[in-house]
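The values are calculated or read from the model by the stated rules, or taken from the named source; none is laboratory data. If you're wondering where the values come from, they're calculated on a predicted model, not measured in any experiment. No Cβ is skipped: glycine too gets one built from the backbone with ideal geometry, and neighbour counts run over all protein chains shown. The accessibility values were calculated without ligands, DNA or RNA, using every heavy atom of the protein model including side chains. Shrake-Rupley method; radii C 1.70, N 1.55, O 1.52, S 1.80 Å.
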Amino acid sequence: MSLFQDSLKNQNTMTVAWELVPGKGAREKSQDRVLTSAEKAAKDNKIHAVTITDNPGGNPAILADYLGTEILKLGIEPIVHFSCKDKNKHQMESQLYALDRSEINNLLVLTGDYPEIQDDERRPKPVFDMDSIHTLEYISKMNKGLEIKGRQGPVKFQPTSFFAGAAVTPFKATEAEQVTQYYKLEKKIAAGAQFIVTQLGYDVRKFHEVLQYFRINNFDVPLIASLYILTFGAAKVMNQNQIPGCVVTDKLLRQIETEKSEPDKGTEKRLLRTAKLYAILKGMGYSGVHIGGHNVAYEQVKYIIDKGEELSVNWMEFVSEFNYPIPRGFYYFEKDKNTGLNTDKPVKRDKLPLDAPVGGTYRMSRLMHSLIFLPDKPLYKVMQSLSKKFDGSSLEKPFHKLELLLKVGLYDCKDCGDCALPDLGYVCPMSQCPKNQRNGPCGGSYNGFCEVNPDKRCIYVRSYSRLKKFGEEEQLRGSHIPACNWDLYQTSGWKNFYLGRDHSAVSAAEIKEKKNLV
Ligand code: SF4
């Protein structure tokens with residue numbers, strides 16, 4: 001029996017998860033505050049679970065998994081944030097076994113924020129071995145009982161019972177960022193996501209947009225909205241894009257600034273604002289809310305729930321109070337003039353301008369691809385027989401060196417051997433994306449630019465724009481690209497492709513499908 005999971009199944013219940021941030025250290029006030037808050041929340045069933053962040057902002061903190069075991073003993077379910085930034089697949093698997101053994105089943109699977117420089121003045125190695133889709137897929141396999149090849153034949157492990165969710169952000173400014181976010185959402189749901197939590201924003205038309213996206217695609221997965229009790233300090237930091245993926249517009253910041261001069265420094269206003277947003281989200285059909293905020297007291301969360309429930313009967317009245325569009329921002333659906341929300345009619349995107357320039361390198365790459373990487377082309381057979389001939393021979397190294405000469409010059413190739421250039425509009429995820437994302441953007445891009453390298457466009461803005469130029473942006477949708485196989489590291493990507501050793505060893509039928517790249 002899970003209060004959290006059961007409440008999500010109950011249409012009449014607005015599921016509430018309260019986000020708690022454990023912080024750095026092991027026996028600090030911040031950990032005590034988390035446990036005290038969880039204890040209070042466990043006393044009544046208004047809050048169905050508490051979520052525990054995993055090194056938020058890329059800063060090290062106590063392991064969420066461990067604090068989760070203490071919280072479970074307090075009588076309330078933890079939802080452990082499980083991110084990809086600091087661990088490879090093996091560490092993930094070990095942690096998942098430990099979580100399963102500790103009967104912690106609720107997970108929020110995230111890409112995670114880029115590791116930050118800390119007290120030792122050194123940035124730790126970003127890992128990102130798997131992305132959230134690979135992780136969800138693996139958890140789904142574990143839930144069925146993992147099967148591996150043992151020395152004496154197949155070995156089957158006990159099924160786990162994880163209830164794993166993922167995140168989506170509807171608060172993106174550009175078409176490329178937003179559409180590729182939704183493409184990635186589809187892959188997360190296909191990989192087994194059992195609930196989805198939105199990123200942070202205050203534009204209710206955007207909250208409604210992702211709900212409409214769920215409806216037109218018949219996603220039978222609960223959608224939970226992130227609510228943040230926004231102080232002026234937090235609003236300023238988010239407005240300056242210092243917390244990846246959290247959007248506070250200038251208009252909202254100015255409004256909160258005026259509230260700062262109130263005797264209670266705007267506390268009543270911000271709690272009421274959050275309660276009204278709760279009411280709107282309940283009214284429009286969200287399954288729940290994920291409430292966060294800095295040093296929030298249990299009583300404040302309780303107020304938001306009670307007031308939100310009370311106001312939800314007239315939720316439409318409050319819609320106009322949350323009109324915080326990103327200037328010139330992209331909306332996926334046409335606006336509903338009556339409600340101020342969205343119709344279910346997607347905007348016509350083919351006439352919209354590209355979000356990134358498409359230069360000669362890509363045109364040349366397309367031509368090269370059409371000549372040597374499509375099975376029905378003569379050069380494909382030549383390259384394939386050369387790969388067979390050179391494989392393991394003394395000519396393999398010069399063949400590989402020639403490949404690197406070209407690919408480092410054109411794409412800053414990192415020699416992973418499991419090349420994803422053809423999948424992503426000839427943008428290399430290993431060199432151009434600090435989080436090596438192969439299946440869609442992380443949530444941190446801002447106005448089309450990268451969370452980690454703000455002077456560079458997000459690779460999905462570049463690849464989407466390149467493919468859209470030729471009417472092929474849907475190539476970024478559909479089945480996901482497997483995680484990079486490090487067994488191929490520093491081996492020839494060309495050879496691995498032609499000999500069917502890399503992730504693109506797909507059926508001739510699919511390669512034929514790619515034929516229309518010409
Ligand atoms: S390139 Fe895009 S997906 Fe990669 S880290 Fe930057 S914002 Fe995220």
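What shape does region 201-358 have by the C-alpha gyration tensor, where a ≥ b ≥ c are the square roots of the eigenvalues, rounded means a/c under 1.5, and otherwise prolate means a/b greater than b/c and oblate the rest? Oblate is the answer for region 201-358, as a/c is 1.5 or above yet b/c matches or exceeds a/b. Tell me the angle of helix 459-469 to the major Cα principal axis of the chain, expressed in degrees between 0 and 90 and rounded to the nearest ten. So the inclination is approximately 60 degrees. Counted over the chain, the DSSP beta bridges are approximately 20% antiparallel. The C-alpha atoms of the chain define a longest principal axis, and helix 298-311 lies at about 90 degrees to it. For region 81-89, putting each phi into the Karplus relation 6.51 cos²θ - 1.76 cosθ + 1.60 with θ = phi - 60° gives couplings of 6, 10, 9, 9, 6, 10, 9, 8, 4 Hz, in residue order, rounded to whole numbers and with x for Gly and Pro.
The packing ranking of peptides 112-122, 277-287, highest mean first, is 277-287, 112-122, where packing means the average number of other beta carbon atoms within 10 angstrom of each residue. Solvent-free Debye calculation, one equal scatterer per alpha-carbon of region 360-517: log10 I(q)/I(0) at 0.11, 0.14, 0.18, 0.20 Å⁻¹ equals -0.43, -0.71, -1.18, -1.45. Spin-label model, Thr339 to Asn10: label points 7 Å out along the Cα-to-beta-carbon direction sit 2.6 nm apart. With the convex hull drawn around the C-alpha atoms of region 71-126, the volume per residue stands at 106 Å³. Label zone of Arg477 (point 7 Å out along Cα→Cβ, amide N under 16 Å): in region 213-228 this covers 213-219. Output the pairs from Lys260/Lys335; Lys89/Lys414; Lys276/Lys335; Lys89/Lys388; Lys351/Lys414 with a Cα-Cα distance over 24 Å in this structure; if there are none, say none. Cα-Cα > 24 Å for Lys260/Lys335; Lys89/Lys388; Lys351/Lys414; rest within. Report summary: the helix-based calculation at 222 nm, which adds -39500 (n - 2.57) for every DSSP H run with n ≥ 4 and divides by the residues of the chain, gives -12000 deg cm²/dmol. Accessible area per residue for the chain in Å², computed with a 1.4 Å probe and the full protein assembly in place, what is it? Dividing the accessible area of the chain by its residue count gives 46 Å².
Classify region 106-174 as rounded, prolate or oblate from the Cα gyration tensor: take a ≥ b ≥ c as the square roots of its eigenvalues, call it rounded if a/c is under 1.5, otherwise prolate when a/b beats b/c and oblate if not. Verdict is oblate for region 106-174. Bridging of Lys141 to aspartates and glutamates at a Cα separation below 13 Å is possible for Glu93, once same-chain residues fewer than 8 apart are set aside.
Between amide H atoms placed 1.01 Å from N, distances below 5 Å from Val50 occur with Trp18, Glu77, Ile79, all of them 5 or more places distant or on a separate chain. Tell me, what is the FRET efficiency for Tyr303 and Lys24 to the nearest 0.05, using R0 = 25 angstrom and their Cβ-Cβ distance as r? It comes to 0.25. Pairs of Cα atoms nearer than 8 Å and 6+ residues apart set the relative contact order; for the chain it is 14 percent. Separation of the alpha carbons by more than 22 angstrom is noted, of Lys206/Lys282; Lys24/Lys307; Lys389/Lys495; Lys172/Lys345, for Lys24/Lys307. Annotation for Asp220 and Ala98: the two label points, set 7 Å from Cα along the Cα-Cβ direction, are 3.6 nm apart.
Setting aside same-chain residues fewer than 8 positions from Lys40, which aspartates and glutamates have a Cα under 17 Å from its Cα? Correct list for Lys40: Glu19, Asp32, Glu70, Glu77, Glu299, Asp306. Close amide-amide hydrogen proximity is noted between Gly292 and Glu19, Leu227, Tyr228, Ile229, each under 5 Å apart and 5 or more residues distant or on a separate chain (H modeled in the peptide plane; Pro and chain starts excluded). Against the chain, whose longest principal axis comes from its Cα atoms, helix 250-259 is set at around 20 degrees. Backbone geometry of region 357-367 corresponds, through the Karplus equation with coefficients 6.51, -1.76 and 1.60 at θ = phi - 60°, to 3J(HN,Hα) couplings of x, 10, x, x, 4, 5, 4, 5, 5, 4, 4 Hz, x marking Gly and Pro.
Given a Förster distance of 41 Å, report the FRET efficiency between Lys348 and Lys144 from their Cβ-Cβ distance, rounded to the nearest 0.05. Can you show the working numbers first?
On the way: r = 42 Å, r/R0 = 1.02.
The formula returns an efficiency of 0.45 here.
Note on Val237/Ser2: beta-carbon distance plugged into 1/(1 + (r/R0)^6) with R0 of 35 Å gives a FRET efficiency of 0.55. For Ala166, the residues 5 or more places off, or on other chains, whose built amide H falls under 5 Å of its own are Val109, Gln194, Phe195, Ile196, Val197. Here the peptides 35-41, 409-415 are ranked by packing, the mean other Cβ count within 10 Å, and the order with the highest first is 35-41, 409-415. Tally up the carbon and sulfur contribution to the accessible surface of the chain as a whole percent, 1.4 Å probe, everything protein left in place. It is 53 percent, rounded to a whole number. In region 134-194, the inverse of the mean reciprocal separation of distinct Cα atoms equals 13.4 Å; this is its Kirkwood hydrodynamic radius.
Taking the convex hull of the alpha carbon atoms in the chain, what volume per residue do you get, in Å³? Before the final figure, lay out each step's value.
Working: hull volume 88.0 nm³, N = 518.
Per-residue hull volume (Cα only) is 170 Å³.
Among Gly75, Phe4, Phe497, flag the residue with its Cα farthest along the positive direction of the charge dipole of the chain, charges on Cβ as +1 for Lys/Arg and -1 for Asp/Glu. Of the listed residues, the answer is Phe497. Using a cut-off of under 15 Å, list every residue of region 357-386 whose amide N is near the label point 7 Å from the Cα of Leu410 along the Cα-to-beta-carbon line. Residues passing the 15 Å test: 359-374, 379-380, 383. Stretching Met364 away from Arg122 to a fully extended chain increases their span by 83.2 nm, per 0.36 nm per residue minus the current alpha-carbon distance. Rounded, prolate or oblate: which one fits region 1-99, using the alpha carbon gyration tensor with axes a ≥ b ≥ c (rounded when a/c is under 1.5, else prolate when a/b beats b/c, else oblate)? Since a/c reaches 1.5 but b/c is at least a/b, the shape of region 1-99 is classed as oblate.
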